[in-house]
Amino acid sequence: ETGVTQTPRHLVMGMTNKKSLKCEQHLGHNAMYWYKQSAKKPLELMFVYNFKEQTENNSVPSRFSPECPNSSHLFLHLHTLQPEDSALYLCASSQDPPGAGYNEQFFGPGTRLTVL
Amino acid sequence: KQEVTQIPAALSVPEGENLVLNCSFTDSAIYNLQWFRQDPGKGLTSLLLIQSSQREQTSGRLNASLDKSSGRSTLYIAASQPGDSATYLCASNFGNEKLTFGTGTRLTIIP
């Protein structure tokens with residue numbers, strides 16, 4: 001058990017649907033991340049939250065909307081997605097954010113998203 | 001541009017052999033480097049984290065080294081086992097808010 005959980009593990013949605021991905025970390029960490037992993041491409045950082053505040057938005061389209069109500073929970077709200085958004089979405093957490101302190105990242109199992 | 005490269009993309013090795021996985025990065029001003037393994041369809045498992053002030057880290061059969069001057073890191077796996085089969089990813093922290101990942105090396109241990 002990595003200490004980072006994600007739900008759902010699999011999601012199929014149409015382009016007009018609205019859905020949310022959930023991530024929860026049980027490690028007492030202060031920073032949380034969303035990554036996108038597409039086939040044949042390196043992991044792409046999407047968002048970084050440090051102490052519930054968004055500190056990085058890596059030029060992500062507005063159809064992806066993150067929410068971090070507290071240091072333990074992170075959501076990714078999805079609406080009007082495109083088929084090319086189909087990918088594995090990974091959540092991670094670290095004690096401190098990159099560039100400061102101890103920032104080894106621990107990952108959840110991911111949500112496999114398919115957009116039809 | 002800060003980039004991380006892993007070559008080869010795939011590697012097959014007979015069980016019991018020692019092996020080395022390679023990772024190269026373009027910016028020597030690295031803050032730390034982390035090695036992960038990823039099993040098919042699963043998330044990433046952190047293996048080792050090397051700070052910029054360190055030369056290597058060891059965990060069981062795994063040893064990771066860091067050479068900032070040459071822009072290289074290696075992951076050494078001793079006495080390989082079929083359970084080591086996975087994709088191995090390295091990621092560099094260049095001191096900003098991001099981890100920059102390589103595309104990984106898919107390792108297959110042949111029984």
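The values are calculated or read from the model by the stated rules, or taken from the named source; none is laboratory data. Given the structure is predicted, the values throughout are model-derived calculations rather than measurements. Note that we place each Cβ from the backbone using ideal geometry, even for glycine, and neighbour counts take in every protein chain shown. Accessible surface areas use protein heavy atoms only, side chains included; no ligands, DNA or RNA. Shrake-Rupley method; radii C 1.70, N 1.55, O 1.52, S 1.80 Å.
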**Item:** Loss of accessible area when B meets A, both sides summed, Å² nearest 100, probe 1.4 Å
**Value:** 1800
**Item:** segment B:1-101 - percent of accessible surface contributed by carbon and sulfur, probe 1.4 Å
**Value:** 47
**Message:** With θ taken as phi - 60° and the coefficients 6.51, -1.76 and 1.60, list the Karplus ³J(HN,Hα) couplings across segment B:36-52 in order, rounded to whole Hz; mark glycine and proline as x.
**Reply:** 10, 10, 9, 8, x, x, 10, x, 9, 10, 5, 9, 8, 10, 10, 6, 4
**Request:** Any chance you could check segment A:1-32 for residues losing 10 Å² or more of accessible area when the partner protein chains are in, compared with the chain on its own (1.4 Å probe)?
**Result:** A:THR2, A:ARG9
**Item:** Under Karplus coefficients 6.51, -1.76 and 1.60, residue-wise ³J(HN,Hα) of segment B:6-12 in Hz, glycine/proline x
**Value:** 10, 9, x, 6, 9, 8, 10
**Item:** Point-charge dipole on Cβ atoms (K/R +1, D/E -1) for the protein assembly as shown, about Cα centre, debye to 20
**Value:** 460
**Request:** Taking the Cα centre of chain B as origin, work out the dipole magnitude from +1 charges on Lys and Arg Cβ and -1 charges on Asp and Glu Cβ, in debye rounded to 20.
**Result:** 140
**Message:** Between segment A:3-60 and segment B:29-90, how far is it from one alpha carbon centroid to the other, in angstrom?
**Reply:** 23
**Asked** Are there GluC sites (Glu not before Pro) in segment A:1-108 that DSSP puts in a loop and that have at most 10 other Cβ atoms within 10 Å, and which ones?
**Response** A:GLU1
**Fill in**
Any lysines whose Cα falls less than 28 Å from that of A:LYS22, other than same-chain ones fewer than 8 residues away, would be A:LYS36, A:LYS40, A:LYS41, A:LYS52, B:LYS42, B:LYS98
**Asked** How much of the accessible area of segment A:5-116, probe 1.4 Å, is carbon plus sulfur, in whole percent?
**Response** 51
**Where chain A is the region considered: accessible area per residue in Å², 1.4 Å probe** = 45
**Prompt:** Where Lys and Arg each count +1 and Asp and Glu each count -1, what net charge lies around A:LEU88 among other residues with Cβ under 13 Å from its Cβ?
**Reply:** +3
**Item:** Dipole axis of chain B (+1 Lys, Arg; -1 Asp, Glu on Cβ), positive-most option in B:SER73, B:ILE30, B:ILE109
**Value:** B:ILE30
**Asked** Excluding B:ASN18 itself, what net charge comes from residues whose Cβ is under 12 Å from its Cβ, given Lys and Arg +1 and Asp and Glu -1?
**Response** -2
**Request:** Would you mind telling me which residue in B:LYS42, B:LYS98, B:LYS68 has the biggest mean-square fluctuation in a Gaussian network model of chain B, where springs connect alpha carbons within a distance under 10 angstrom?
**Result:** B:LYS42
